[in-house]
1. For the stretch 10-41, enumerate the residues that are modelled with pLDDT under 85 and part of a strand (DSSP E or B).
2. Only one of these conditions is not met by Arg43: (1) under 19 Å from Arg157 (Cβ atoms); (2) surrounded by fewer than 16 Cβ atoms within 10 Å (Cβ to Cβ); (3) of a type in the set (Lys, Arg). Which number is it?
3. Have a look at Asp7, Asp67 and point out the one that is in contact (Cβ under 8 Å) with a residue 60 or more places away in the chain, among the acidic types (Asp, Glu), more than 21 Å from Thr153 (Cβ to Cβ) and part of a loop (DSSP other than H, G, I, E, B).
4. If I ask for residues that are of a type in the set (Asp, Glu) and either touching a residue at least 24 places away in the same chain (Cβ under 8 Å) or part of a strand (DSSP E or B) (or both), which ones from the stretch 113-155 would you list?
5. Could you list all residues from the stretch 102-121 that are over 19 Å from the mean Cα position of the chain (by Cα) and within 26 Å of Pro132 (Cα to Cα)?
Amino acid sequence: MEAFSKDLKSVSADFSQTVRTAQAAVGDTSRGTLALQAPRQFRWQTTEPFEQLIVADGTRVWIYDPDLEQVSVRSQSSEEAQSPLTVLTDLSLIDRDFVASEAGERDGLVWLRLSARAEEPEFEYAELGFDPDGLSRMIFKDQLGNVTEMHFTDWKRNPSLPADTFRFTPPKGVDVIGDADGPEVFPVRP
């Protein structure tokens, strides 16, 4: 983890994600891209089987569903920013927001287990699986027993991300649900 995160200010990658409910043996798989930038900016774009975009701009979280022609927006509280993925660009969050423990080796990966320190955590645990190239897999188990497994490929360290990567403006004609008022936030450029 330390080797992967050393001097990391931003990352991008491709992902595939499978979600299994506590009752289902096999779940649905989605694919897309992600980008993170320190300290609290995040972009998660699902391209298959349905399009969805989640943008955290440092102040607000925007969730856009083109099929529903709907955008949900809410304040990006510090608790919402505590996704296990955020530790990739800020290792200090591990000790502050999580209890970290080594989870051994399996499937050719070295695993780190994170448990949230929050009073009402969104997940029971998250496991990050590393290979020699970096983060390869992540597994979340939520409080309802659902398991989300992500596979990552094509990591890019400190890429030059377009200026609008972490900005979102609702398209004309879509319904906006939540609080979209607030100051404009733009990515910090080194």
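The values are calculated or read from the model by the stated rules, or taken from the named source; none is laboratory data. The shown structure was predicted, so the numbers you read here are calculated from the model rather than taken from an experiment. Using ideal geometry, Cβ is built from the backbone for each residue, glycine included, and neighbour counts are taken over all protein chains shown.
1. Asp28
2. It is condition (2) that Arg43 fails.
3. Working: Asp67 fails: in contact (Cβ under 8 Å) with a residue 60 or more places away in the chain.
Answer to the selection: Asp7.
4. Residues of the stretch 113-155 that are of a type in the set (Asp, Glu), as a first pass: 119-120, 122, 124, 127, 131, 133, 142, 149, 154.
Correct list: Glu124, Glu127, Asp131, Asp142, Glu149, Asp154.
5. Applying the first criterion (over 19 Å from the mean Cα position of the chain (by Cα)) to the stretch 102-121 yields 102-110, 119.
Selection gives Glu102, Ala103, Gly104, Glu105, Arg106, Asp107, Gly108, Leu109, Val110.
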